[in-house]
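S.K.: Let me begin by handing over the structure; questions about it come next.
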Amino acid sequence: MGKRPARCYTKVRGPANTRVGKYVRGVPDSRIRAYDAGNRKGNFPVHIHLVSTDKCQIRHTALEAARIAVNRQLQRNLGTENYHMTIRVHPHHILRENKMMAVAGADRIQDGMRRSFGKPTDRAARVREGQELITVRSYARNYRLVKDALKRGADRFPTTCTYKIGKGEELVKELQKTGKFAKGREKIKEPKEETIDEETDEETEEESAEGQSEEEQ
């Protein structure tokens, strides 16, 4: 039996349930393990945040999918040394479900129970309105590439999101006036071998040698 869709758990209902281990047993492990990617020790002047516009719950699978999507896009376009990405929320809340039969005609056998407590089935992060979900630190010239990567992460969340510049807004505005943003990773061009010039030099040397031999004769 597969998992229920995200719309079943998006709304925030009741108090948070986070007592894992001591009071709550049988809670599944979180899918997301790493919350940082890129160059952690880098000193980047611009901080760009992905901000939630609604109060909701985000499951750990959605957080992991967003992390993979954003990190892959940044790694391809910027390289691992030119950015630092952080997932700002953690899935501490326990989702419960009163499991029922999923066979044909189950509604005739089992009606369920109102306000049932259920058993732990999943984990989620409770998010406030205006809370920062993902933060990317980079240079001002990479603003558009970072924003495009954050958009891919926002598509994995069950809520609408906006973008906010936490630090370095003046640097980004200066570049917006000139439009000198980076379009991708700069590739180093290898110098071409000068084979044609060597061949022409050899031909001229042979012609000069032939001319000298004719003059001597």
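S.K.: Residue by residue through region 12-22, which ³J(HN,Hα) values in whole Hz follow from phi under the Karplus form 6.51 cos²θ - 1.76 cosθ + 1.60 (θ = phi - 60°), with glycine and proline marked x?
M.R.: Computed from phi, the couplings for region 12-22 are 8, 10, x, x, 6, 10, 10, 7, 8, x, 7 Hz.
S.K.: Just rank Ser30, Ser52, fewest to most, by other beta-carbon atoms within 10 angstrom.
M.R.: Ser30, Ser52
S.K.: Counting pairs on different chains as well as pairs 8 or more places apart, how many Lys pairs in region 1-153 have Cα atoms under 28 Å apart?
M.R.: Here the count comes out as 21.
S.K.: Suppose we look only past 20 Å in the calculated P(r) of region 1-73. What percent of the Cα-Cα pairs does that tail hold?
M.R.: 52
All of the numbers you see were taken from the coordinates with simple rules; none came from a lab. In this text the structure is predicted, and so the values were computed from the model without any measurement. Reconstructed Cβ throughout: ideal geometry from the backbone, glycine too, with neighbour counts over all protein chains shown.
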